[in-house]
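*Asks:* Provided herewith is a single structure, encoded as structure tokens, for subsequent inquiry.
The values are calculated or read from the model by the stated rules, or taken from the named source; none is laboratory data. Note that the coordinates shown come from a computational prediction; the quantities given were computed from them, not determined experimentally. Every residue, glycine as well, gets a Cβ built from its backbone with ideal geometry; the counts of neighbours run over all protein chains shown. Heads up: the accessible areas ignore ligands, DNA and RNA and are worked out on the full protein's heavy atoms, side chains in. Shrake-Rupley method; radii C 1.70, N 1.55, O 1.52, S 1.80 Å.
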Amino acid sequence: MDTLAGLLPGGYVDNCGEVQREIELRPLTGREEELLATSRPRESASLVTVLLSRCIQRLGAIRPVSEALVRNLLVADRQYLLLKLREATFGEQIRANVFCPWPECGQRVTINFSVKDIPIRESEDKGPVYMMTLSPEIAGVFGADERQITFRLPNGEDQESISPLLAENEALALARLFGRCIQRIGRLTNIDEEAVISQLSPAARLEIEQQMERIAPKVELTMDINCHECGRVFVAPFDLHRFFFGEMRTSGDLLYREVHYLAYHYHWSEREILEMTRDKRRRYIDVLADEIERLNNAV
Ligand SMILES: [Zn+2]
């Protein structure tokens, strides 16, 4: 099975304080497709964790890569890995549909791009902990000590934890995220979402959010798109999770029919067939179809 290598834009700081960035991953097999077919799309952050931990063969010197470790990876590193997983499974070329946002147009625009065209920004400071001082006019307190914030960057575990709340109450979800990522506000430690709400004004939270964005690694998932219908240019976010899961989700029915077909003709076990990649499974199905046609023509 072909594996792909890559370099995380952020990296994982291991127990010895070393930053591990080299990765190697394998394509999805029928096993992961089965998992995708039977899970609910709302759990996408935890699903990403499971898929990545199964498919990442190595992170630096670390192998196997556990789900707990994948949860600890930064948001941009997980996005990068998802793109790599897509590349390993289906190749680098992506074709997706978006709709022109101008009300009088609203046409569907098909975009074609390569995974390699997506700009990736590496983080300079690998942390994992960062400090900043809130500007005095925003903090409302004057001593520099009181204005100092210590934080880490959001990771997969944070995403999993806030994702159920995100659809219901975005402001509260953000406060919870900050409660998890901020480690110190002035002299205050043991930060939770209540402390964030009571100690930090919305302007102070915005200042922290902007600082996090500045220092975090980034996978640029918005793109300029040219509408061929009305000629306007618009900016569209590329919804990576939605695209990935939409594309990867073979219907459970089809998957089991393919397994049945191969088991019937080749007498392989279910386990053996599910451990193949989709590409390999379909190649055998094509070979069988040719063979059956040849036999039919010979009769
Ligand atoms: Zn248009």
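*Asks:* Taking R0 as 35 Å, what FRET efficiency do you get between residue 115 and residue 269 from their Cβ-Cβ distance, rounded to the nearest 0.05? Can you show the working numbers first?
*Replies:* Details: r = 34 Å, r/R0 = 0.97.
Once the sixth-power term is evaluated, E becomes 0.55.
*Asks:* What part of the accessible area of the chain, given as a whole %, is carbon or sulfur when the probe is 1.4 angstrom? Present the calculation step by step, with values, prior to reporting the outcome.
*Replies:* Working: 8200 of 16600 Å².
Carbon and sulfur: 49 percent of the exposed surface of the chain.
*Asks:* With a 1.4 Å probe and every protein chain left in place, work out the accessible area per residue of the range 252-298 in Å², rounded to a whole number. Before the final figure, lay out each step's value.
*Replies:* Details: 3360 Å² over 47 residues.
Heavy-atom SASA per residue in the range 252-298 reads 71 Å².
*Asks:* Here is a follow-up. In deg cm²/dmol, rounded to 500, what helix-only [θ] at 222 nm does the chain give when every DSSP H run of at least 4 residues adds -39500 (n - 2.57) and the total is split over its residues?
*Replies:* Value at 222 nm, helices only, nearest 500: -14000 deg cm²/dmol.
*Asks:* In addition: Let me confirm the definition first: pairs of Lys residues in the chain, 8 or more apart or on different chains, C-alpha distance under 21 Å. How many are there?
*Replies:* Lysine pairs satisfying the spacing and distance rule in the chain number 5.
*Asks:* So for the chain, taking the charge dipole from beta-carbon charges (+1 Lys/Arg, -1 Asp/Glu), which of 225, 215, 243 sits furthest toward the positive end?
*Replies:* With unit charges placed on the Cβ atoms, the residue in question is 243.
*Asks:* Here's something else I'd like to know. Label the range 1-136 by shape, choosing from rounded, prolate and oblate, from the square roots a ≥ b ≥ c of the eigenvalues of the Cα gyration tensor; if a/c is under 1.5 it is rounded, and otherwise prolate applies when a/b is larger than b/c, oblate when it is not.
*Replies:* Values: a/c = 1.83, a/b = 1.21, b/c = 1.51.
Oblate, since a/c reaches 1.5 and b/c is not below a/b.
*Asks:* Sort out for me the Cα centre separation of the range 218-241 from the range 256-299, rounded to whole Å.
*Replies:* After rounding, the separation between the Cα centres reads 40 Å.
*Asks:* In whole Hz, what ³J(HN,Hα) sequence does the range 232-249 give by Karplus (6.51, -1.76, 1.60; θ = phi - 60°), x for Gly and Pro?
*Replies:* 7, 9, 9, 9, 10, x, 9, 7, 4, 4, 5, 4, 4, 5, x, 6, 7, 6
*Asks:* While we're looking at this one, here's another question. With the crude spin-label approximation of a point 7 Å out along Cα→Cβ, what separation in nm comes out for residue 105 versus residue 53?
*Replies:* If labels sit at residue 105 and residue 53, their model points lie 4.4 nm apart.
*Asks:* Over the range 130-216, what is the mean sequence separation of C-alpha contacts under 8 Å (at least six apart), divided by residue count, expressed as relative contact order in percent? Provide the component values of the computation, followed by the final result.
*Replies:* Details: 99 pairs, mean separation 25.5, N = 87.
The normalised contact order for the range 130-216 reaches 29 percent.
*Asks:* Pull up all non-local amide H partners of residue 74: gap of 5 or more, or a different chain, and H-to-H distance under 5 Å with H placed in the peptide plane.
*Replies:* Residues meeting the amide H criterion: 11.
*Asks:* Can I ask one more? Would you give the gap between the C-alpha center of the range 145-191 and the C-alpha center of the range 37-69, rounded to a whole Å?
*Replies:* About 23 Å separates the Cα centre of the range 145-191 from the one of the range 37-69.
*Asks:* Just need the relative contact order of the chain here, percent rounded to a whole number, with Cα pairs under 8 Å and 6+ apart. Don't skip to the answer; put the middle values down first.
*Replies:* On the way: 426 pairs, mean separation 59.8, N = 299.
Reported relative contact order: 20 percent.
*Asks:* Let me ask you something else. Averaged per residue, what accessible area in Å² does the range 4-46 show with a 1.4 Å probe, protein chains only?
*Replies:* Values: 2050 Å² over 43 residues.
Counting only protein heavy atoms, the per-residue value for the range 4-46 is 48 Å².
*Asks:* Largest first and to the nearest Å, give the Cα extent of the chain along each principal axis.
*Replies:* So the extents along the principal axes, rounded to whole Å, are 92, 55, 33.
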